Ligand SMILES: Cc1cc2nc3c(=O)[nH]c(=O)nc-3n(C[C@H](O)[C@H](O)[C@H](O)COP(=O)(O)OP(=O)(O)OC[C@H]3O[C@@H](n4cnc5c(N)ncnc54)[C@H](O)[C@@H]3O)c2cc1C
């Protein structure tokens, strides 16, 4: 029998999914001294998370990245600060603005490529390994596809996975499902989910605007769905245009110039037009939630626990708050040894997350439904609502809090 090319000794924690959430979580846990193994289905160095998308990180998420030493010079250079957010109505009047002044004078957040986030995680992981003083460690096993897991009588959990066509197993005290919206761990644990398909798909690409973006992020409500124009590094913008599923084939069939013209038209020429578009990628959108986020020696988080519409750019920011709170829940208060799979700690963590889920998921869903109405006069109502929002402190404050990620 050949020895597998990974450390088969007992782990503290096994994370299934080494994407944006699994990656940050593993690094955060190793900083606290835990020995962690990531089982990631994609080839070494890759993940479905680290594709061509860019992510808007709220100011709170950006500060959390900093606390985890993820913001080295390379990462900071790869990010674009958001100076202002404008929520606008495509066809009619109405606008609400959130500026630095709403965030104690600092940038509202940063836009960064998912690939740059992936690279930042790997660099931080390696820097941690290189320091002899550090206790915790992350082992990445790739490509490793989760098959099943089984809690044991000895306080361990056995995790079976496919590695290069062979079934392998590892044991730990806690398994964490960070394997995304179609989570296999969640399915194997027989957790029932609530899925609401929006009947919408997001088309994503980047482009060069004719006029400088000045760090302004636009959320533009169009008849078919919201269009996000996010300021990106090197003077580019990230374009996330949500449309009805039925309209996607025709939009995907347009050549680059025709698609750029359509975008410019719905965006009302605000940045003078777009050129140098990258190929479009399509993401069908649903809201996925579940009530039961733990089981024996298991916790489910990130997109495996809640997949959101990207209208408010909240999905990953919400996931990062899962990471922050779980890491805190597993921390020892008085230097005593902690069992990371302790049911009470896991329950405490989940109970602490529910309010944030309700607020963030609720507001995101309200935005989608409220601004996707395609009935006569809806554009005028949207415009009026946006104008009101700018003047009504309580509603605007909710939007500001959502944007800042607090
Ligand atoms: C168009 C779009 C734009 C978005 N923009 C923003 C934004 O601006 N701001 C924001 O906060 N959020 C945004 N989001 C949300 C954000 O992308 C997600 O919240 C985030 O990617 C969730 O990360 P995750 O690691 O939980 O899941 P995923 O990214 O899905 O990663 C899951 C990982 O698990 C692995 N995996 C899956 N199954 C298995 C298995 N059986 N065995 C082993 N590994 C497995 C996958 O290979 C993958 O690496 C956006 C989403 C979309 C669709």
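The values are calculated or read from the model by the stated rules, or taken from the named source; none is laboratory data. Since the structure is predicted, the reported quantities are computational estimates derived from the model, not experimental observations. Don't worry about glycine lacking a Cβ; one is built from the backbone with ideal geometry, like all the others, and counts go over all protein chains shown.
Go through 261, 294 for me and flag whichever is modelled with pLDDT of 95 or more, under 22 Å from the mean Cα position of the chain (by Cα) and more than 10 Å from the ligand (Cβ to nearest atom).
Working: 261 fails: under 22 Å from the mean Cα position of the chain (by Cα).
Matching residue, one of 261, 294: 294.
Looking at (1) under 30 Å from residue 240 (Cα atoms); (2) out of contact with any helix residue (DSSP H, G or I) (no Cβ under 6 Å at 6 or more places or on another chain); (3) buried (at least 19 other Cβ atoms within 10 Å of the Cβ), find the lone condition where residue 140 falls short.
(1)
Which of the residues that make up segment 150-197 are in a loop (DSSP other than H, G, I, E, B) and either touching a helix residue (DSSP H, G or I) at 6+ places or on another chain (Cβ under 8 Å) or in contact (Cβ under 8 Å) with a residue 24 or more places away in the chain (or both)?
155, 156, 173, 178, 179, 180, 181, 183, 189, 191, 192, 193
Looking at segment 7-25 only, could you name the residues that are in contact with a helix residue (DSSP H, G or I) (Cβ under 9 Å, 6 or more places away or on another chain), under 18 Å from residue 149 (Cβ atoms) and assigned to a loop (DSSP other than H, G, I, E, B)?
Passing the criteria: 12, 17, 18.
If a residue has to be part of a loop (DSSP other than H, G, I, E, B) and buried (at least 18 other Cβ atoms within 10 Å of the Cβ) to count, how many in segment 198-210 make the cut?
0
Quick one: how many residues across segment 297-321 are assigned to a helix (DSSP H, G or I), near the ligand (Cβ under 9 Å from one of its atoms), within 28 Å of residue 229 (Cβ to Cβ) and in contact (Cβ under 8 Å) with a residue 40 or more places away in the chain?
So in segment 297-321, the residues assigned to a helix (DSSP H, G or I) come out as 302-304, 310-312, 315-321.
Cutting the leftovers down to near the ligand (Cβ under 9 Å from one of its atoms) gives us 302-304, 310, 312, 315-320.
In the following step, the residues that additionally are within 28 Å of residue 229 (Cβ to Cβ) were identified as 302-303, 310, 312, 315-320.
This time we only want the ones that are in contact (Cβ under 8 Å) with a residue 40 or more places away in the chain, so: 302-303, 310, 312, 316-320.
Counting residues in segment 297-321 that are assigned to a helix (DSSP H, G or I), near the ligand (Cβ under 9 Å from one of its atoms), within 28 Å of residue 229 (Cβ to Cβ) and in contact (Cβ under 8 Å) with a residue 40 or more places away in the chain gives 9.
Return the total of residues in segment 1-50 being buried (at least 19 other Cβ atoms within 10 Å of the Cβ) and within 14 Å of the ligand (Cβ to nearest atom).
Number satisfying all stated conditions: 23.
What's the number of the only condition in (1) in a strand (DSSP E or B); (2) away from the ligand (no atom under 13 Å from the Cβ); (3) over 30 Å from residue 144 (Cβ atoms) that residue 106 fails to meet?
Status for residue 106: all satisfied but (1).
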